[in-house]
Amino acid sequence: MKTPAKTDLFRKLPSVDELLRSTEVAQLREREGQAAVTDAARLVLERLRTEISAGRLDAAGIDLALSGLASAVEKQLRQALRYSLRPVINATGVILHTNLGRAPLPESAIEHIRETALSYSNLEFNVADGERGKRDVHVDRLFRRLLDAGKDIATVVVNNNAAAVLLALNSLAEGGEVIVSRGELVEIGGSFRIPDVMAKSGAILREVGTTNRTRISDYERAIGDRTRLLLRVHRSNFQITGFTEQPSLADLVELGHRRGIPVLEDLGSGALFDLQSVGVSGEPGVLDSIAAGVDVVTYSGDKLLGGPQAGVLSGKKEAIARIRSNPLFRALRVDKLTYAALEATLLAYVKQDHNSVPALRMMRMTKEEIAARAARLATQLQGGKCRAELVDGESVVGGGAAPGATLPTKLIAISVEGLASEELAARLRASDPPIIARIEEGRVLLDLRTVFAEQEPTLSAALRSVIQG
């Protein structure tokens, strides 16, 4: 039961209709529409009622809230109409940050998406003969060029690498056995496990070897009448070191060809450029798999390739034709916008314009380049309650790629007097746009390797605002 004091407070609140008729809110209604403004007004008033009921507002508090009622409605409206999916500044130094959308797209991809989305396109239309065409052709021609057309290679694209593995297993081994090393039965983000995907594909898992040691003889002994496929899974998100053994991909391919069994490699990330040129070793690329003679290799579009989310299957024409004819392919295929982004990304590779692909540009950035940028920003922040110093550190590729590889970088270590590092990081995340940093040894660390140059003024302003309180 409401106390008399609370009853008086409730009486001070206007009705929704009264609030909508007020001058400022009426103008807001004309701009944004009746329905949206009404919902915002209702939520603002409901919050005030909740505050009164909980005893958190007295008469003075209500008067203050009523004086800013129109502003509160406008703020609520902005929050309600703002996109949930929005840009953030990635200052973590993790280039392919899975939680932050992995690879940013090249400018050319954005433009190609825009022009493709704004009009009709020849997605499945052969302009030359006026007949229906296939959507694969828009990127298959580029993959052929990049993967060496002389090897008679074809490529199809689905919505992600998990779908690519599922489709390949179902197309090439449904109802039969697939031989794979125990040391390659991996799990990646989102509980994607190779045994589970294989079960869904209708193929039967046949494990060989041990966690740390598998020999080519283990595969050979396991081959039987029901064997349909030899599977190699690249351990892209962890390492096994020490007493280990694994047959080379060339040996596995030789065995498969000798016994008439196709070889599928799940490469995971899938680089189309020389990773050793940026100091990353031990991470095989798509060309390595093709050169080794695998029948099909699967890899992601939004990891080391630096393009949109996609699952790519490249391999011998006969195997890819079987995959493409699978009815499941239609359920997993991608739309025109993915093709547009992927085509533009691949064209950058064809033109050898690697720096136009943001993920590759970040990998190629030197420690000295990052240090120069970091020094300028640290100078702007230093002073008062803030301490900003440059420290040596490491960036990582991320996205389940090259787990043991790091890239030398220069970090900005920030600490603010009277403010815990967790609180400082939280305030940075609450800025607009949110700034995502990392915390180590009680300090907030910023790695400009993953911050675009054009974001630096925004980053600087946001940091100064947070530091100044």
Once you order the gyration tensor axes a ≥ b ≥ c over the Cα atoms, which shape class does region 214-359 get: rounded for a/c under 1.5, otherwise prolate or oblate by comparing a/b with b/c?
oblate
At a Cα cut-off below 23 Å, give the lysines reachable from K367, other chains included and same-chain residues fewer than 8 away excluded.
K303, K410
Return P(r) of region 270-350 (all Cα-Cα pairs; 10 Å bins starting at 0; whole %; ordered from short to long distances).
16, 44, 34, 6, 0
What are the lysines whose alpha-carbon lies under 16 Å from the alpha-carbon of K12, with same-chain residues fewer than 8 places away excluded?
K2
Provide the three semi-axes, in whole Å and in decreasing order, of the ellipsoid equivalent to the chain as defined by the square roots of 5 times the Cα gyration tensor eigenvalues.
51, 29, 24
Prolate/oblate/rounded call for region 105-356, Cα gyration tensor, a/c under 1.5 rounded:
prolate
Of L172, S108, G306, farthest towards positive along the dipole that unit charges on Lys, Arg, Asp, Glu beta carbons give region 105-356
L172
Which of the lysines could be linked to K336 by a straight reach, that is with a Cα gap under 17 Å, when you skip same-chain ones fewer than 8 residues away?
K134
In the chain, with Lys and Arg counted as +1 and Asp and Glu as -1 at Cβ, which of these residues, L249, S53, V280, has the Cα nearest the positive end of the dipole, that is, farthest along it?
S53
Please report the net charge: other residues with Cβ closer than 10 Å to the Cβ of I435, K and R +1, D and E -1.
+1
Magnitude of the Cβ-charge dipole (Lys and Arg +1, Asp and Glu -1) of region 105-356 about the Cα centre, nearest 20 debye, reported as 500 debye
Determine the calculated [θ] at 222 nm for the chain from helices alone, applying -39500 (n - 2.57) to every DSSP H run no shorter than 4 residues and normalising by the residue count; nearest 500 deg cm²/dmol.
-13000 deg cm²/dmol
Treating only the Cβ atoms of Lys and Arg (+1) and Asp and Glu (-1) as charged, compute the dipole magnitude of region 4-81 about its Cα centre; round to the nearest 20 debye.
140 debye
Compactness relative to 2.2 N^0.38 Å, alpha carbon Rg of region 69-193
1.59
Globularity index of region 4-81, i.e. its alpha-carbon radius of gyration over 2.2 N^0.38 Å
1.08
What shape does region 21-137 take by its C-alpha gyration tensor, where a ≥ b ≥ c are the square roots of the eigenvalues and a/c under 1.5 counts as rounded, a/b above b/c as prolate, and the rest as oblate?
prolate
Around E245: net Lys/Arg minus Asp/Glu count, Cβ-Cβ under 9 Å
+2
If we sort 133-144, 21-32, 288-299 on the protection proxy, mean other Cβ atoms within 10 Å, highest first, what's the order?
288-299, 133-144, 21-32
Take every Cα-Cα distance within region 307-373, group them into 5 Å bins from 0 onward, and report for each bin the whole-number percent of pairs it holds.
3, 13, 16, 18, 16, 11, 10, 5, 3, 3, 1
Residue (of A374, A420, M363) at the positive-pole extreme of region 323-469, dipole from beta-carbon charges:
M363
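Throughout, read-outs are computed from the coordinates displayed, never taken from laboratory work. Predicted model, so just to flag it, every value in this text is computed and none were measured. So basically every Cβ, Gly included, is an ideal-geometry build from the backbone, and we count neighbours across all protein chains shown.
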